[in-house]
Amino acid sequence: MIIILIFSLDLIFPLQTNPQYSTLITDSDGRVLHAFLNSQDKWRMFTELQEISPKLEKAIIFKEDKWFRWHFGINPIAIFRAGFRNVITGRRTSGASTISMQVVRLLYPKERTYLNKLTEIFRALQLELHYSKDEILQLYVNLVPFGSNIEGIKSASILYFKKSPEVLSLAEITTLTIIPNRPSSLRLGTKNALILKERNKWLKSFQQAGIFDSQTIEDALSEPLNAVRNEAPKLAPHLSVRLQKEYKTIPNIHTSIIRNKQLQIEQIVKNYVSRLFSMNIHNAAAIVINNQTHQVEAYVGSSDFYNPADGGQVDGIQAIRSPGSTLKPLLYATAFDKGIITPKTAINDVPTNFGGFEPENFDKLFHGKVSIEYALANSLNIPAVKVLKEVSTPVFIEKLKKSDFQAIRKNSSKLGLSLILGGCGVTLEELSNLYASFANQGYYAKAKFLKNFSDEAVKGEAIVSPESSFLITQILNQVTRPDLPNNYDYTYRMPKIAWKTGTSFGKKDAWSIGYNAKYTIGVWVGNFSGQGVPELSGANIATPLLFDIFNFTDYNSSEKWFRTPENVSMRKVCAESGDLPEDFCTHQIIDYYIPGVSKMTRCSHLKNIWVNPSETMSFCNRCLPSEGVIQKLYPNLSPELVRFYETRHINYQKIPPHNPDCTRIFNDNAPVISFPTDGSEYFMSKEDNPELLLDCQVNNGVKEVYWYINDKLFKKVPANQNVFFKPEAGKIKISCSDDRGRNTDIWITVKWQ
Ligand SMILES: [Zn+2]
Ligand SMILES: [Zn+2]
């Protein structure tokens, strides 16, 4: 009957045992890094079951409720005894309370009346019905008051003894078990002498009861009590704030942060930024990812979280900024996988117009013919845009989406070729994750902040092949490169890493991201205000900080450098083109390639030309005289390179002018119209009285070109001279013919506004 009653009451009045806990952020060893007040502004830190040591449990049970393990929530004998005493003395005492009843009282604070006492008994039974003894003890430990806004053993243990409950000494445990009886008069830190006396009294009772051996008691009795109220820990603030928001319902958030590393790197960043103060550079962020576990070991969101003047609370690891050149390695890796290029493939760094988009290099110079490897190590822009054009923007954006670049995913429809030069938004975290995949054979896995307790290896998703990751790594660890910091003594204290720098447009962001087999470290330096600074550059400003952090984290890494994947081989190529050598390729070099993937083009850096013996005239098969000619090799230069040499007055070996009596028209070397772009739309505004540029590149030997608008001759000009014209609205045919009659047509549409 009573049992049925209890069960029905249990259904009608369910137990509410959801105390609001403070959020605790712990390091990889489980020690508290950062603590947040709960929603009621209390310190109520959650004690895990394993933090309740046998010593702590023994002391509590002995003090509060000797029959705790045996009763069913209430202790009838104690109740009778207390009731009897109440009748005799006429006073109400609480001596009959079990731990379960105390838990109920802490959960449902009520006035002490006989009716409430009955409810309390019912609730205690209910508690026993739903929870194990261990869980009830845990609730008790988590709810006991310590005066002020401190609740629970863990809060007291952290705030007074700066340690977790499981490592408390017996003296400390005893101290903490007596305070909840009189939390307002036994205030730790202010009433230590009184508490010490009380503590020793209880220690002696423990001794008499024989629940601890006498040596332990002796040690405890002689232990001084120096407890003071400490500030709650506030380390790793950016990550802590982030995780508290992300995991609202979890009281103890166990991160992978390594305390010592975190603190040291915070200090390195802070010191470094203070040295940049005179340049008006105020902020920096850094993240350290362990490549094997994909766990974040240090997270420094700004140079000083507690400095509000420079936006110290902004998290530079999550801020969306322009990546500068830092996406280039992913592009080149994609192109390696497509077989389009290898590290030694030649590419022209010459002024190029990509449909109205005319990028220039960081140093505003053009370098002529360079290798892909040089272009990446020197972060040249034209080659990058050329490679992106060949890979195609949608294909590259797919790669970036696969690598979880959120802002790029969101804005992908608006992104064009300029994306590879920084015309998009990324975060330091996203970039660091990308570089960690180069360290992991091209497998992308998002870095984790929570400690991973399983040993299961995370492989991730393949974004590029192990082969092309390796090629990128080989290029990015070269030390003869311009993006070493100025005057940096790299023979001393330079870590062996692969790294890439980036500087955003307007010198607002300096990036440097590096990795070895063990770690990926990402560094950003700049101003949260977005203010650009002339001195800001990835090489000079971000890289020294990257080196400092790497040297601290993993100097002389115990890990070996990356192994060459099985499917990466070496071959001899022509140094001029990076293609497979022909007999005439006298300068041959070794290049990596991916068999079955990399293209196998034969070199054509020279071509055979019929000339007269004095080399003043060249001939084709049609006009070739039967005698008096010889065959000679001449450089086979593309029109854009010829034009580059011509306009810069750079000497090169020219093919002698073609036989003027020749009747053949060479359509294969017709002028290339570089502006306007075929098929494009041009919007012209009347106010600016604009004219459209006509620009072409011609084969060498050409002296004059003829421009036609809608098949009518517009102008005859020397080759390489720019022409302007004012177009009519509508579709326009533009033709360019050279003095050999070779012709190219394009069509554009013009709209007037
Ligand atoms: Zn060659
Ligand atoms: Zn000819």
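The values are calculated or read from the model by the stated rules, or taken from the named source; none is laboratory data. The structure displayed is predicted, hence computed values, not measured ones. Cβ coordinates were reconstructed from backbone atoms using ideal geometry, including for glycine residues, and neighbour counts include every protein chain displayed.
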Inset, instruction - Please find, within segment 567-587, the residue that is nearest to ligand 2 (Cβ to nearest atom) out of those that are within 21 Å of Leu641 (Cβ to Cβ) and surrounded by fewer than 17 Cβ atoms within 10 Å (Cβ to Cβ). - result: Phe584
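So is Phe619 of a type in the set (Phe, Trp, Tyr) and either within 30 Å of Lys731 (Cα to Cα) or within 15 Å of ligand 2 (Cβ to nearest atom) (or both) or not? Lay out the reasoning, then the answer.
Values: of a type in the set (Phe, Trp, Tyr): yes; either within 30 Å of Lys731 (Cα to Cα) or within 15 Å of ligand 2 (Cβ to nearest atom) (or both): yes.
Spelling it out, Phe619 is indeed of a type in the set (Phe, Trp, Tyr) and either within 30 Å of Lys731 (Cα to Cα) or within 15 Å of ligand 2 (Cβ to nearest atom) (or both).
Report the residue count in segment 664-679 for those that are within 16 Å of ligand 2 (Cβ to nearest atom) and at pLDDT 80 or above.
So the first thing to find is which residues in segment 664-679 are within 16 Å of ligand 2 (Cβ to nearest atom), and the list is 664-670.
Now restrict to residues that are at pLDDT 80 or above: 670.
Summing the residues that are within 16 Å of ligand 2 (Cβ to nearest atom) and at pLDDT 80 or above in segment 664-679 gives 1.
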Legend entry - Single residue of Pro329, Pro359, Pro343 found to be under 26 Å from Tyr645 (Cα atoms), crowded, with 21+ Cβ neighbours inside 10 Å and within 30 Å of the chain's Cα centre (by Cα): Pro343
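Looking at Phe336, Phe277 in this structure, which one is over 20 Å from the mean Cα position of the chain (by Cα) and without any contact (Cβ under 8 Å) to a residue 40 or more places away in the chain? Before the answer, list the steps.
Values: Phe336 fails: without any contact (Cβ under 8 Å) to a residue 40 or more places away in the chain.
Answer to the check: Phe277.
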Legend entry - Identity of the residue in segment 577-590, of a type in the set (D, E, K, R) and more than 20 Å from Ala335 (Cβ to Cβ), that ends up farthest from ligand 1 (Cβ to nearest atom): Asp583
Legend entry - Cβ pairs under 8 Å, 6+ apart, first in segment 573-596 and free of Cβ contacts under 8 Å to residues at least 24 places away in the same chain and under 14 Å from Ile341 (Cα atoms), second more than 11 Å from ligand 1 (Cβ to nearest atom) and assigned to a loop (DSSP other than H, G, I, E, B): Leu580/Met600
Legend entry - Failed condition for Glu48, given (1) exposed (fewer than 13 other Cβ atoms within 10 Å of the Cβ); (2) at pLDDT below 90: (1)
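Can you give me the ranges of the helices (runs of 4 or more DSSP H) entirely in segment 367-447 with at least 1 residues that are more than 23 Å from Val523 (Cα to Cα), free of Cβ contacts under 8 Å to residues at least 40 places away in the same chain and charged (D, E, K, R)?
Numbers: elements: 372-377, 381-391, 393-402, 406-411, 428-439.
Counting at least 1 such residues, we get 381-391, 393-402, 406-411.
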Legend entry - Candidates Phe72, Phe68, filtered to the one that is in a loop (DSSP other than H, G, I, E, B), of a type in the set (A, V, I, L, M, F, W, C) and surrounded by fewer than 19 Cβ atoms within 10 Å (Cβ to Cβ): Phe72
Legend entry - Test for His605: is it over 21 Å from Gly701 (Cβ atoms) and more than 29 Å from the chain's Cα centre (by Cα): no
Inset, instruction - Scan (1) at pLDDT below 85; (2) within 16 Å of ligand 1 (Cβ to nearest atom) for the single condition Asp661 breaks and write down its number. - result: (2)
Inset, instruction - With the condition kept exactly as written, say whether any residue in segment 210-221 is at pLDDT 95 or above, surrounded by 21 or more Cβ atoms within 10 Å (Cβ to Cβ) and in a helix (DSSP H, G or I). - result: no
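With Cys574, Cys623 as the choices, which residue is more than 30 Å from Lys270 (Cβ to Cβ) and either touching a Pro at 6+ places or on another chain (Cβ under 7 Å) or of a type in the set (A, V, I, L, M) (or both)? Spell out the reasoning first.
Details: Cys623 fails: either touching a Pro at 6+ places or on another chain (Cβ under 7 Å) or of a type in the set (A, V, I, L, M) (or both).
Criteria check complete, one pass: Cys574.
Residues in segment 682-720 that are under 25 Å from Val350 (Cα atoms) and under 48 Å from the mean Cα position of the chain (by Cα): how many?
Going residue by residue through segment 682-720, those that are under 25 Å from Val350 (Cα atoms) are 682, 691-707, 717-720.
In the following step, the residues that additionally are under 48 Å from the mean Cα position of the chain (by Cα) were identified as 682, 691-699, 720.
Of the residues in that region, 11 qualify.
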Legend entry - Flag for Asn621 being more than 16 Å from ligand 1 (Cβ to nearest atom), at pLDDT below 95 and in contact with a strand residue (DSSP E or B) (Cβ under 9 Å, 6 or more places away or on another chain): yes
Legend entry - When residues of segment 294-311 are limited to those that are part of a loop (DSSP other than H, G, I, E, B) and at pLDDT 90 or above, the one farthest from Tyr443 (Cα to Cα): Tyr306
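Residue under question is Asn612, and the condition is that it be away from ligand 1 (no atom under 16 Å from the Cβ), at pLDDT 85 or above and either β-branched (Val, Ile, Thr) or surrounded by fewer than 16 Cβ atoms within 10 Å (Cβ to Cβ) (or both); does it hold?
Working: away from ligand 1 (no atom under 16 Å from the Cβ): yes; at pLDDT 85 or above: yes; either β-branched (Val, Ile, Thr) or surrounded by fewer than 16 Cβ atoms within 10 Å (Cβ to Cβ) (or both): yes.
Against the criterion (away from ligand 1 (no atom under 16 Å from the Cβ), at pLDDT 85 or above and either β-branched (Val, Ile, Thr) or surrounded by fewer than 16 Cβ atoms within 10 Å (Cβ to Cβ) (or both)), Asn612 qualifies.
Out of all the residues in segment 243-251, is one or more surrounded by 15 or more Cβ atoms within 10 Å (Cβ to Cβ), among the acidic types (Asp, Glu) and part of a helix (DSSP H, G or I)? Even if it seems obvious, please write down each step before you answer.
Taking segment 243-251 first, the residues surrounded by 15 or more Cβ atoms within 10 Å (Cβ to Cβ) are 243-244, 247, 250-251.
Right, trim to among the acidic types (Asp, Glu) and you get none.
No: zero hits.
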Inset, instruction - Output the qualifying pairs, or none if there are none: Cβ atoms under 7 angstrom, residues six or more apart or on different chains, first residue in segment 607-635 and within 21 Å of Thr663 (Cα to Cα) and without any contact (Cβ under 8 Å) to a residue 24 or more places away in the chain, second residue within 11 Å of ligand 2 (Cβ to nearest atom) and in a loop (DSSP other than H, G, I, E, B). - result: Trp610/Leu624
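Taking Ile3, is it surrounded by fewer than 17 Cβ atoms within 10 Å (Cβ to Cβ) and more than 47 Å from the chain's Cα centre (by Cα)? Please lay out each step first, then the result.
Details: surrounded by fewer than 17 Cβ atoms within 10 Å (Cβ to Cβ): yes; more than 47 Å from the chain's Cα centre (by Cα): yes.
Yes; evaluated as a whole, the condition is true for this residue.
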Inset, instruction - Output the residues belonging to segment 635-663 that are within 16 Å of ligand 2 (Cβ to nearest atom) and surrounded by 14 or more Cβ atoms within 10 Å (Cβ to Cβ). - result: Ile655, Pro656, His658, Asn659, Cys662
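Quick grid of which residues meet (1) within 15 Å of ligand 1 (Cβ to nearest atom); (2) in a loop (DSSP other than H, G, I, E, B):
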residue: Ser558; (1), (2): no, yes
residue: Glu566; (1), (2): no, yes
residue: Tyr592; (1), (2): no, no
residue: Ser604; (1), (2): yes, yes
Inset, instruction - Could you check how many residues of segment 519-550 are in contact with a helix residue (DSSP H, G or I) (Cβ under 7 Å, 6 or more places away or on another chain), surrounded by 24 or more Cβ atoms within 10 Å (Cβ to Cβ) and not aliphatic (A, V, I, L, M)? - result: 4
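Name the strands (runs of 3 or more DSSP E) wholly inside segment 625-717 in which the number of residues that are within 30 Å of Ala729 (Cβ to Cβ) is 2 or more. Outline the logic, then answer.
On the way: elements: 630-635, 672-675, 681-684, 692-697, 704-709.
The qualifying strands (runs of 3 or more DSSP E) are 672-675, 681-684, 692-697, 704-709.
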Legend entry - Options Ala517, Ala510; residue that is at pLDDT 80 or above and in a loop (DSSP other than H, G, I, E, B): Ala517
Inset, instruction - List the number of the failed condition for Gly596; all other conditions in (1) of a type outside the set (A, V, I, L, M); (2) within 45 Å of the chain's Cα centre (by Cα); (3) surrounded by fewer than 11 Cβ atoms within 10 Å (Cβ to Cβ); (4) within 16 Å of ligand 1 (Cβ to nearest atom) hold. - result: (4)
